[in-house]
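Colleague: Input: one structure, supplied below.
Bear in mind these aren't lab numbers, they're just calculated from the coordinates by the rules spelled out. All figures in this text were calculated on a predicted structure; none of them were measured in a lab. All Cβ positions, even for glycine, are placed from backbone atoms using ideal geometry, and neighbour counts span all protein chains on display.
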Amino acid sequence: MPSINSDYSSYIIGLTLAISSSIFIGSSFVIKKIALKRITAKGNLRASAGGFSYLKQWMWWLGLATMGLGEAANLLAYAFVPASLVTPLGALSILVTAILSSKFLDEKLHFVGKIGCILCVIGSVILILHAPKSDVITNFSDIVARLSDSIFIFYVCTVFVLVVIVKTFFVPNYGKTNITIYLIICSAIGSLTVVFCKAVALGIKEGVNIYDTSIYTFCVLLVMAVCGIMVQLNYLNKSLDIFSTTIVTPVYYVMFTTLVILASSILFKEWQSMANSDVIGCVFGFLMLIIAVFTLNMFKDLKNVQ
């Protein structure tokens, strides 16, 4: 925990924003799922088949607005604490989604599923305890300079190549049967979106001068962040239309968190300043999350376990 008062205040603000974000985003999953089910019941073309009838459903827009609030809180959180601390807190959205899905979608979690959700939370707590508490990047110009790092550029190119391959060869054949197909696109693009959002958040916090040349860089990053969020929403929407919310949420969480921390570690090199015990703690937390997702997927069709 930061020892300086200003750092401590930033930590509390960032933590509060991250928790609020998880509550809003977790609720949005369920609200949008309700809207998609209403559309299917009316016989309209489903989102997974390329339909856009959900745009006429007010409930879907409510879900989008709720997610927008969550993303806004998430965006601001990145300006106060490291991404490797903010992102794992997304596990709280799993609890929110599970509770609301049970009440409004009749998607009952069996015993193994509940264990999986608990493990997700425990793994996230371990990550939070061992993740960096203070940011190595504190201003807009620093993060812009780091975006030109050769290793990070290689990561960006790898993400785009991966997305093109998945979109071209895997989505047509396996998109409707394999839960990871749409979510790998969401997570890969999302890992870059987080970096862009962090840059935008620092720009907002710092107050980028409209007469300064950095405003152009800020606008480019803002556009890239918005486009990234739209891509995530599109493919996440497709996934929610096909698979159970209680399964989509934890799988997406683990994939997204893993890639965000990978991108963050490449760009900010946070691992270099971490103690060995913290590195081990982070790795152990991720292993627990992987086990949680494995149990959720392996036993998702086990209806008779209460």
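Colleague: Could you check the spin-label model distance between F111 and Y8? Points 7 Å from the Cα along Cα→Cβ, value in nm.
Modeller: About 4.5 nm separates the two model spin labels.
Colleague: Based on other C-beta atoms within 10 Å, arrange D142, D106, D241 from fewest to most.
Modeller: Working: D142 14, D106 7, D241 22.
Starting with the residue having the fewest Cβ neighbours, the order is D106, D142, D241.
Colleague: Provide C186, C117 in ascending order of the number of other Cβ atoms located within 10 Å of each residue's Cβ, fewest first.
Modeller: Numbers: C186 26, C117 22.
Least crowded to most crowded, the residues run C117, C186.
Colleague: If packing is taken as the average number of other Cβ atoms within 10 Å across a peptide's residues, how do 120-132, 252-264 rank, most packed first? Before the final figure, lay out each step's value.
Modeller: Working: 120-132: 20.7, 252-264: 22.9.
So the peptides 120-132, 252-264, ranked by packing, come out 252-264, 120-132.
Colleague: So, one more: When a footprinting reagent is the concern and you count Cβ atoms within 10 Å, what order do L89, L119 take, fewest first?
Modeller: Details: L89 25, L119 21.
In increasing order of surrounding Cβ atoms, one gets L119, L89.
Colleague: In nm, to one decimal, how far is the I99 label point from the S148 one, both placed 7 Å along Cα→Cβ?
Modeller: 4.8 nm
Colleague: So if each residue of separation counts as 0.36 nm, and I subtract the Cα-Cα distance between I118 and L262, what length gain in nm does that give?
Modeller: Working: separation 144, 0.36 × 144 = 51.84 nm, distance 2.37 nm.
Using 0.36 nm per residue and subtracting the Cα-Cα distance, I get 49.5 nm.
Colleague: Next question, about the same structure. Given labels modelled 7 Å from the Cα in the Cβ direction, how far is it in nm from A72 to E206?
Modeller: The modelled label-to-label distance comes out at 2.4 nm.
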